[in-house]
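Engineer: Just dropping this structure here.
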Amino acid sequence: MPTIDRDMTPDPPNNQELPLAAGTFTLFLCALFGANAVAIKISLSGLGVFTTAALRFSLASITLFLWAMATGRPLRLKKGQARKLFMVAILFTAQLGLFYLGLSKTSASRGTLMINLQPFFVLILAHFFIPGDEITRKKVLGLVMGFSGMALVFLGKGEVTPDVQIGDLIILSTAFLWALNTVYTKRIIGAFPPFQIVLFPMALSVPCFFLCGYFLDPEMITSVDTDVLLSLLYQGLVTASFGFVAWNAMLKKYGAVSLHSFIFVMPVAGVLLGGLVLGETITLEIALALVLITSGIVVVNLKSRRYSPIFPQRGV
């Protein structure tokens with residue numbers, strides 16, 4: 001009978017609820033991530049789509065590596081871990097590459113709403129792959145509200161061009177890839193220090209983004225001013241370094257669906273900052289979609305009596 005490598009056996013998924021302090025910190029992280037779409041739009045004014053991603057994650061990878069060295073974090077991988085991290089890297093690279101491409105075509109406000117359909121995809125995937133996260137009637141109501149908000153974004157009139165709608169669809173596919181990455185990460189994260197599952201996939205994505213920038217960006221760099229530099233520093237140091245490690249540390253300790261219940265802060269922050277910082281028009285459709293999507297996320301994770309699952313989990 002084959003033996004099991006105890007070092008490689010992941011901890012069982014943890015789905016405990018967040019205490020007040022952890023919930024407050026998660027709200028703060030979500031606000032930082034919500035502002036990221038605005039920072040990306042600013043950086044795209046002077047840098048190519050994939051060049052921006054390459055520079056952001058180069059900066060973040062170097063920062064995380066130096067921090068790991070300074071604090072004595074283990075960089076060496078155990079047997080079997082590289083394969084898992086390579087899968088995360090594939091999802092990460094596809095997810096972020098499409099997100100940057102989508103934001104180059106649509107507004108920060110619309111892109112923020114589309115990417116924040118991710119919790120609903122997580123909810124569906126978690127039912128099949130994470131024990132204890134079953135689909136209930138309450139969650140179905142939240143799903144209906146969230147995807148109704150998505151429909152409003154797509155059906156909105158005004159300044160919506162075919163190119164903008166293509167950007168919306170690209171970011172919608174990004175939300176699904178993000179959900180896949182989240183669920184897969186939750187399944188394996190017990191076998192890793194949280195920073196490893198951020199650093200290695202991020203570092204592997206950098207040469208891919210530079211190659212895409214060289215071949216696919218019309219111009220890799222058009223102009224660099226203070227706003228572009230500050231937005232790049234925000235993406236690389238605040239969200240991609242501190243934010244990603246902090247998020248995965250929280251993901252390791254708490255449940256995927258419980259943690260992502262706080263993502264309702266992201267669309268609120270992104271839409272408001274898109275209007276305030278970038279001067280984007282917040283139409284009636286965008287406002288209603290924001291209400292539906294954020295309300296749907298809240299409904300899904302509302303603390304109330306336990307609802308019986310509509311489709312009981314089997315063999316998760």
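The values are calculated or read from the model by the stated rules, or taken from the named source; none is laboratory data. Since the structure is predicted, the reported quantities are computational estimates derived from the model, not experimental observations. Cβ: placed from backbone, ideal geometry, glycine included. Neighbour counts: every protein chain shown.
Engineer: Can you tell me which residues in region 99-117 are buried (at least 22 other Cβ atoms within 10 Å of the Cβ) and over 17 Å from ALA151 (Cβ atoms)?
Structural biologist: Of everything in region 99-117, those that are buried (at least 22 other Cβ atoms within 10 Å of the Cβ) and over 17 Å from ALA151 (Cβ atoms) turn out to be PHE99, TYR100, GLY102, LEU103, SER107, ALA108.
Engineer: Within region 125-134, how many residues turn out to be modelled with pLDDT of 75 or more and crowded, with 16+ Cβ neighbours inside 10 Å?
Structural biologist: Quick first cut of region 125-134, residues modelled with pLDDT of 75 or more only: 125-129.
Adding the requirement that they be crowded, with 16+ Cβ neighbours inside 10 Å leaves 125-127, 129.
Residues meeting the conditions: 4.
Engineer: For the subset of region 30-88 comprising residues that are of a type in the set (Lys, Arg) and over 21 Å from the mean Cα position of the chain (by Cα), which member is nearest to PRO193 (Cα to Cα)?
Structural biologist: Initially, region 30-88 is screened for residues of a type in the set (Lys, Arg), giving 41, 56, 73, 76, 78-79, 83-84.
Still in the running and over 21 Å from the mean Cα position of the chain (by Cα): 73, 76, 78-79, 83.
On the way: ARG73: 8, ARG76: 11, LYS78: 12, LYS79: 15, ARG83: 16 Å.
Within region 30-88, the match that is nearest to PRO193 (Cα to Cα) is ARG73.
Engineer: How about region 198-316: which helices (runs of 4 or more DSSP H) wholly inside it have at least 1 residues that are closer than 30 Å to PHE147 by Cα and modelled with pLDDT of 90 or more?
Structural biologist: By residue number, 265-278, 284-300.
Engineer: Still on this structure: Which residues, counting only those in region 73-88, are assigned to a helix (DSSP H, G or I), touching a Phe, Trp or Tyr at 6+ places or on another chain (Cβ under 9 Å) and among the basic types (Lys, Arg)?
Structural biologist: Of everything in region 73-88, just one residue is assigned to a helix (DSSP H, G or I), touching a Phe, Trp or Tyr at 6+ places or on another chain (Cβ under 9 Å) and among the basic types (Lys, Arg), namely LYS84.
Engineer: Among residues belonging to region 221-255 that are touching a residue at least 12 places away in the same chain (Cβ under 8 Å), farther than 17 Å from ALA37 by Cβ and exposed (fewer than 15 other Cβ atoms within 10 Å of the Cβ), point out the one that is nearest to the chain's Cα centre (by Cα).
Structural biologist: LYS253
So that you can scan it fast, the table gives a plain yes or no per residue for (1) of a type outside the set (Val, Ile, Thr); (2) under 16 Å from the mean Cα position of the chain (by Cα):
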{"residue": "MET150", "(1), (2)": "yes, no"}
{"residue": "VAL153", "(1), (2)": "no, no"}
{"residue": "ASP163", "(1), (2)": "yes, no"}
{"residue": "THR174", "(1), (2)": "no, yes"}
{"residue": "LEU180", "(1), (2)": "yes, yes"}
{"residue": "ARG187", "(1), (2)": "yes, no"}
